[in-house]
Amino acid sequence: MIDWIQLLSRNSIPYREERHNIYVHCIWCGAADQGMHLGISTRGAGWGCWRNKRHRGKSYIRLLAALLRISDAQARALLGIRGEALLPDNDLRTRFSAVRSADRCARLRWVCARA
Ligand SMILES: [Zn+2]
C-alpha cells in the first residue's frame with residue numbers, strides 16, 4: 001500500500017485526510033480548484049476529482065507523476081513499482097546470460113551424473 005501521507009509531506013504538497021481518502025489540490029483543474037477536490041483513496045480504489053469527473057483514474061503512477069511533475073518512470077521508482085520493460089538493456093543481457101550459464105551448468109551436471 002502506498003504511504004500517501006509520507007509521499008505528500010516529503011514533497012510539501014498540502015493535503016487533508018478524511019476517512020479513507022486524502023484530498024489534495026486538483027492538478028488538472030489548476031486554478032479552478034479553490035480547495036482540495038482531488039480525492040485519493042487510501043484503500044487502493046483509485047483517485048478522482050469532485051469538480052470534474054474526467055479527472056479520475058486508477059493509475060497511481062499517472063497521479064504521482066502529475067502531482068510531482070515527474071516522469072512516469074520516476075513515479076514508478078518512487079512507488080517501488082518495477083517493470084520488466086524499464087530494465088536497462090545491460091541488466092536484461094546480464095540476466096539472460098546468467099540464465100544461460102545456469103542452464104549450461106545444469107546440463108553439465110546431468111552429463112557428469114550420467115558419466
Ligand atoms: Zn479536477
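Among residues of the range 28-41 that are over 11 Å from His55 (Cα atoms), those with a beta-carbon under 7 Å from a residue that is assigned to a loop (DSSP other than H, G, I, E, B) and more than 8 Å from the ligand (Cβ to nearest atom) at least six positions away or on a different chain give the pairs Asp33/His25; Met36/His25; Ser41/His20. Applying the condition of being outside any helix (DSSP H, G or I) and among the charged types (D, E, K, R) to the range 25-64 and asking which residue is surrounded by the most Cβ atoms within 10 Å (Cβ to Cβ) yields Asp33.
Residue pairs whose Cβ atoms lie under 6 Å apart, sitting 6 or more positions apart in sequence or on different chains, and linking a residue in the range 47-67 that is closer than 25 Å to Gly80 by Cβ and assigned by TED's automatic domain parsing to the domain that holds Ile27 to a partner that is assigned to a helix (DSSP H, G or I) and of a type in the set (Gly, Ala, Ser), are Ile61/Ala75; Leu64/Ala75; Ala65/Ala75. When the residues of the range 12-57 are filtered to those that are within 21 Å of Ile70 (Cα to Cα) and of a type in the set (A, V, I, L, M), the one that is nearest to the ligand (Cβ to nearest atom) is Leu38.
The values are calculated or read from the model by the stated rules, or taken from the named source; none is laboratory data. The shown structure was predicted, so the numbers you read here are calculated from the model rather than taken from an experiment. Using ideal geometry, Cβ is built from the backbone for each residue, glycine included, and neighbour counts are taken over all protein chains shown.
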